[in-house]
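Comments concern the structure below.
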Amino acid sequence: MALVADAGGSADIAAGRLPPEELKANFGDLHPPLDVHEARVEAERCYFCYDAPCQQACPTAIDIPLFIREIANANPLGAAKTILDSNILGGMCARVCPTEELCEEACVREAAEGKPVKIGHLQRYAVDAQMATGKHPYARAAATGKKVAVVGAGPAGLACAHALSVAGHDVVVYDARPKIAGLNEYGIAAYKTPDDFAAREAAFILSVGGIEIKTGVALGRDIALETLAKEYDAVFLGLGLPGVNKLGLPGEDTLKNVEDAVAFIADLRQAKDLSRLPIGRRVVVIGGGMTAVDAAVQSKRLGAELVTIAYRRGVEDMKASPYERELAQTNGVNIRPWARPIGLEGHDGVVSGVVFERTRLVDGKLVADGAPFRLEADVVFTAIGQTGAGDLFGATPPKMQGGKIAIDAERRTSLAKVWAGGDCVVGGLDLTVAAVEDGKRAARSIIAALA
Amino acid sequence: MVDLRTSFLGIKSPNPFWLASAPPTDRKTNVERAFRAGWGGVVWKTLGEAGPPVVNVSGPRYGAMHGPDRRLIAFNNIELITDRDLEINLQEIKQVKREWPDRALVVSLMVPCEEDAWKKILARVEETEADGIELNFGCPHGMSERGMGSAVGQVPEYIEMVTRWCKQHSRMPVIVKLTPNITDIRRPARAAKAGGADAVSLINTINSITGIDLDKMTLDVDIGGKGTHGGMCGPAVKPIALSMVSEIARDAETAGLPISAIGGVTTWKDAAEFISLGAGNVQVCTAAMTYGFKVVQEMISGLSQFMERKGYSSIEDFRGAAVPKVTDWQYLNLNYVVKAEINQDTCIKCGRCHIACEDTSHQAIWPKVDGVRKFVVNEAECVGCNLCVLVCPVENCITLVHKTEGTDPRTGQPYNQPARNWTQHPNNPAVFKAAE
């Protein structure tokens, strides 16, 4: 991705809009970690509920009351073990989970006083303590001699690989990108995972041993599913969503500075020096999900002056959680609902604005409502959803449904020896934590199948 | 209009809040600060006999048990009696009493169990014009190893003997401070009364070790590699003190003996509770050592508001009001039936009541109704034990309802049976025998 100024000079694209120290602060930790005393006091707020609603709300069913009680009693490593037993990516989930819609929404203290126990913060406290020891809390079972291929080193793939390795299987993980950890590495706002956390967590997971990583290897290009299924005892597909949706507007592919938000976030995450990363003065983000918010907030934090999220439906319909929307707004991002893009404007081959029509719902259908309006833009980011890629599987693809891989409860695909999970499967929540659960369940099923 | 003034053994005090004999009452500066803050009286830190000064440890002398938010739940000390010179103490006591005539000033004493030693110090204290003396028969550490403090308080005969000497050799009112480190508090109290004590004060501290440092494998209060038990006080000891005060208040032999109550008094409510069990005033230490002298202002204000609300104009109006309600188990009405009831509007569905009852009591709370998370009492199993009420994090969400109409599904007996206690119960072998 490369943002450029136009020849006429109307597109205001520049790097280093903010002094380096301000950039550093903007992309530092969004929530500083709890210290020992804070963690203990917060942990004591937990009521240790029976059949705890928070645990029921967790896609990976972490025993939350138990790990919090362990923290309260000065046993953070025991707490970490409790967390990691259910979710080996508990560290990342503590940072990126929409806890306000999962465990913390279910917390009885939310019902009682509107102030749930800070489960996410406590989880991070415990897992950070474990990672700080530099040790890995699991030992591998005796080698089984079985080999499993995992395609995709994102949350689903890593969770699956770890569980398989602990069970004594040898695992080879393939990933098309140069670095592992998938969206954790490339797709999440920097201030949620500072200090290279995605890579550190991945290294922590791999330190169990028995997992070989092969990066730069893409399914359908460098390896074929059929071959994997032949060469390995089982295959797990954690491919993510390699494609992005298009606006379908003229100029989308030809005008400069109309970019895919996912690519922008990835570039930002991989940038060695944020002061050299260009951004427009006026940024328009089209979409209403987490990706839109991550792109908008990070644009703002890079120094963009006017950042607008334009969404075709109402604020309540946005996939970004209320917490995420508030984060956008407190970062000075303008959220403009009921705005559907109908045209891109450019100058000298470079985008200069977006034309929207106002919308409203009539009998459940979105209709145009009133005169169009125009937002000036130096950069336009599209964040209107990602798509699976059905063309990676060669002659015998697994059964697909709506562009995604169909699976059963154990995460088996329609192909023998092939399991799948994460964003690439049908029915996913598009959450890291859900991907981890898929990987974990698939691993259990594979272990049972290979036993 | 509420009047907090008390006259305890004729010792006048503007309110019932005294500072107990302890570090806060060790010297004139502190006592005067306390009086300025509003304390009604003090019991001056225990004086010993003239001679080489007492030596305290130079390592830590205090320990504590904390709640998770570092709130102090219990306190522990191994400090000895005053380590200041007797003459300086006496001089300061005299000055303070002269400058603060409206406040109570009692002097705590501890000398060896020899009549002469007591005679000598009593004469000296009398010269200060202090309002009275308190005999420290309670200190459970250090001094007790030398035959004083709780070593005396654990032998009723010694209590009686020393008390008698004090009454013989002094005109001052004598308060005997009791140790709780005994099996039956009535014995030392009776002994004090037999010796002529004007009052008892209790409880002194309880033998305790607050914790072990598991890295060093030493006591958490570690003095150069070793530790020793101290005396525990603070909020956690209040229930023990309440019970002991009530025993003395309702014992046939000691009923009516004035009591100065000590033990975990931290708020006005604690004080009111002790007074309702018969105490004429309360003594405080840990609360002051935790928060400073200002805490008395909350106590004064809270007690006044309480009395105003209840229509009590003086401490005497409600002093001892709860004493007749304390009885022995055998006299409890076994036909009084309560059942737990859960208020579904305030229930936050934490399920603690269910799991506590299910795992450890009577399996009397259902966790689900029609497959939905909802906690409901099964009256056919509920024995009214109160456990659910106590573990519920929401105040007043679970209540015990007194049943008076209908039949108890648990026992098949009607609810409104006449009162019957164990002494009248057919299952009591003694009753059965008598009926034969």
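Using only the alpha carbon atoms of region A:36-132, find the Kirkwood hydrodynamic radius as the inverse mean reciprocal pair distance, in angstroms to one decimal.
So the Kirkwood estimate lands at 12.7 Å.
Counting each pair of different Cα atoms once, what's the Kirkwood radius of region A:293-451 in Å, rounded to one decimal?
The Cα-based Kirkwood calculation yields 18.9 Å.
Which of rounded, prolate or oblate describes region A:263-363 when judged by the alpha-carbon gyration tensor and an a/c cut-off of 1.5?
Taking the square roots of the gyration eigenvalues as a ≥ b ≥ c, region A:263-363 is oblate.
Using a 1.4 Å probe and counting only protein heavy atoms, arrange B:269, B:374, A:24 so the residue with the most accessible area comes first.
A:24, B:269, B:374
Show B:118, A:338 ordered by accessible area, largest first, where the area counts protein heavy atoms only and the probe is 1.4 Å.
A:338, B:118
How large is ³J(HN,Hα), in whole Hz, for each residue of region B:310-321 in order, when computed from phi with the Karplus curve 6.51 cos²θ - 1.76 cosθ + 1.60 and θ = phi - 60°, using x for Gly and Pro?
8, x, 8, 9, 9, 4, 4, 4, 10, 4, x, 4
Let me spell out the model: positive unit charges on the Cβ of Lys and Arg, negative unit charges on the Cβ of Asp and Glu, origin at the Cα centre of the protein assembly as shown. What dipole size does that give, in debye rounded to 20?
Approximately 480 debye in magnitude.
Which of the helices in chain A meet the span-like rule: DSSP H, Cα axial reach of 20 Å or more, Kyte-Doolittle mean at least -1.0?
Those that clear 20 Å and a mean of -1.0 are A:432-450.
If pairing requires two Cys Cβ atoms under 4.7 Å apart, which cysteines of chain B are left without a partner?
B:113, B:139, B:166, B:233, B:285, B:347, B:357, B:382, B:385, B:392, B:397
Rounded to the nearest 20 Debye, what is the dipole magnitude of chain B about its Cα centre when Lys and Arg each give +1 and Asp and Glu each give -1 at the C-beta?
Roughly 440 debye for chain B.
Can you give the accessible area of residue B:217 in Å² (nearest 10), computed on protein heavy atoms with a 1.4 Å probe?
Rounded to the nearest 10, that gives 140 Å².
With no solvent and one point per C-alpha, what does the Debye sum give as log10 I(q)/I(0) for region A:72-227 at q = 0.10, 0.14, 0.15, 0.21 Å⁻¹?
Each listed q corresponds, in turn, to -0.41, -0.75, -0.84, -1.34.
Sorted by average packing, counted as other Cβ atoms within 10 angstrom per residue and highest first, what order do A:349-359, B:32-42, A:115-125 take?
The most tightly packed comes first, giving A:115-125, B:32-42, A:349-359.
Using modelled backbone amide H atoms (1.01 Å from N, in-plane), which distant-in-sequence or interchain residues come within less than 5 Å of residue A:414's amide H?
Correct list: A:399.
Within the set B:238/B:349; B:339/B:374; A:115/B:310; B:269/B:339; A:179/A:417; A:115/B:294, which residue pairs have Cα atoms separated by over 25 Å?
B:238/B:349; A:115/B:310; B:269/B:339; A:179/A:417; A:115/B:294
Between rounded, prolate and oblate, where does region B:41-158 land on the alpha carbon gyration tensor, with a ≥ b ≥ c its root eigenvalues, rounded for a/c under 1.5, else prolate if a/b exceeds b/c?
Verdict is oblate for region B:41-158.
When only alpha-carbon atoms count, how far does chain A stretch along each of its three principal axes, as whole angstroms with the largest first?
Ordered largest first, chain A gives principal extents of 67, 57, 49 Å.
How far is helix B:156-168 tilted off the main Cα axis of chain B, in degrees rounded to 10, range 0 to 90?
50 degrees
If the only charges are +1 at each Lys and Arg Cβ and -1 at each Asp and Glu Cβ, what is the size of the charge dipole of region B:149-301 around the Cα centre, to the nearest 20 debye?
My answer is approximately 440 debye.
Quick one: angle between helix B:86-99 and the longest Cα principal axis of chain B, in degrees between 0 and 90, rounded to 10, please.
Tilt relative to chain B: about 70 degrees.
Along the charge dipole of the protein assembly as shown, pointing to its positive end and built from +1/-1 on Cβ of Lys, Arg, Asp and Glu, which listed residue (A:122, A:295, B:58) has its Cα farthest out?
So the residue furthest toward the plus end is B:58.
In deg cm²/dmol, rounded to 500, what helix-only [θ] at 222 nm does chain A give when every DSSP H run of at least 4 residues adds -39500 (n - 2.57) and the total is split over its residues?
So the helix-based figure for chain A works out to -10000 deg cm²/dmol.
For region B:187-274, report the % of Cα-Cα distances exceeding 14 Å.
Looking at region B:187-274, the distances longer than 14 Å represent 68 percent of pairs.
Shape call for region A:389-447 from the C-alpha gyration tensor, a ≥ b ≥ c root eigenvalues: rounded (a/c under 1.5), prolate (a/b greater than b/c) or oblate?
It comes out oblate by the Cα gyration axes.
Where Rh denotes the Kirkwood radius from the mean inverse Cα pair distance, what is Rg over Rh for the protein assembly as shown?
Here the Rg-to-Rh quotient is 1.12.
To the nearest 500 deg cm²/dmol, what mean residue ellipticity at 222 nm is calculated for chain B from DSSP H runs of n ≥ 4 alone, each contributing -39,500 (n - 2.57), summed and divided by the residues?
My calculation for chain B gives -8500 deg cm²/dmol from helical runs alone.
Enter the accessible area of residue B:226 (Å², nearest 10), with the probe set to 1.4 Å and all protein chains included.
Residue B:226 has an accessible surface of roughly 150 Å² with all protein chains in place.
Rg and Dmax of chain B over Cα atoms: what are they, in angstrom?
25.0, 80
Per residue of B:224-234, count partner chain C-beta atoms within 10 Å of its C-beta, then hand back the mean as an integer.
Average neighbour count from other chains, rounded to a whole number: 0.
Counting only residues 5 or more places away or on other chains, whose amide H sits under 5 Å from the amide H of residue A:167 once H atoms are built in the peptide plane?
When sequence neighbours closer than 5 places are left aside, the close amide H contacts are A:141.
Percent relative contact order of region A:36-132, based on C-alpha pairs within less than 8 angstrom and at least six residues apart?
Over region A:36-132, the number comes to 33 percent.
Work out from phi, with θ = phi - 60° and the Karplus expression 6.51 cos²θ - 1.76 cosθ + 1.60, the ³J(HN,Hα) of each residue of region B:49-61, listed in order in whole Hz, and give x for Gly and Pro.
Here the 3J(HN,Hα) series is 6, 4, x, x, x, 4, 10, 9, 5, 9, x, x, 10 Hz.
Given the protein chains as shown and a 1.4 Å probe, how many square angstrom of residue B:387 are accessible, to the nearest 10?
About 50 Å², ignoring ligands and nucleic acids.
Over all directions, average the projected area of the Cα convex hull of region A:187-311 and note it in nm².
Projected over every direction and averaged, the Cα hull of region A:187-311 covers 10.5 nm².
With θ set to phi - 60°, apply the Karplus curve 6.51 cos²θ - 1.76 cosθ + 1.60 along region B:107-121 and write out the HN-Hα couplings as whole Hz, x wherever there is a Gly or Pro.
Result, rounded to whole Hz: 10, 8, 10, 7, 9, x, 6, 10, 4, 5, 4, 5, 4, 4, 6.
For peptide A:50-56, how many partner chain Cβ atoms fall within 10 Å of a residue's Cβ, on average?
Mean partner-chain Cβ count within 10 Å for A:50-56: 4.
Rounded to the nearest angstrom and ordered from largest down, what semi-axes does the equivalent ellipsoid of region B:310-426 get from its C-alpha gyration tensor (root of 5λ)?
Ellipsoid half-lengths, sorted descending, are 30, 22, 12 Å.
Taking H as built 1.01 Å from N, whose amide H comes closer than 5 Å to the amide H of residue B:201, not counting residues under 5 places away?
The list, which skips near neighbours in sequence, is B:176, B:177, B:178, B:260.
Where does helix B:28-37 land angle-wise versus the long Cα axis of chain B, in degrees 0 to 90, nearest 10?
Around 40 degrees separate the two axes.
Place +1 on the Cβ of every Lys and Arg and -1 on the Cβ of every Asp and Glu in the protein assembly as shown, take the dipole about the Cα centre, and give the residue among A:165, A:380, A:405 whose Cα lies farthest towards its positive end.
A:165
What average number of partner chain Cβ atoms lie no more than 10 Å from the Cβ of the residues making up B:351-358?
Counting Cβ atoms of other protein chains within 10 Å of each residue's Cβ and averaging gives 3.
Ranked from the most accessible area to the least, with a 1.4 Å probe and all protein chains present, what is the order of A:212, B:405?
Ranking A:212, B:405 by accessible area, largest first, yields B:405, A:212.
What per residue convex hull volume, in Å³, comes out for region A:7-84 when only alpha-carbon positions are used?
184 Å³
The values are calculated or read from the model by the stated rules, or taken from the named source; none is laboratory data. Just so it is clear, the structure is predicted and the values come from calculations on it, not from any experiment. With ideal geometry, Cβ positions are generated from the backbone for all residues, glycine too; neighbour counts draw on all protein chains shown. To get the accessible areas, we keep the full protein, side chains included, count just its heavy atoms, and leave off ligands, DNA and RNA. Shrake-Rupley method; radii C 1.70, N 1.55, O 1.52, S 1.80 Å.
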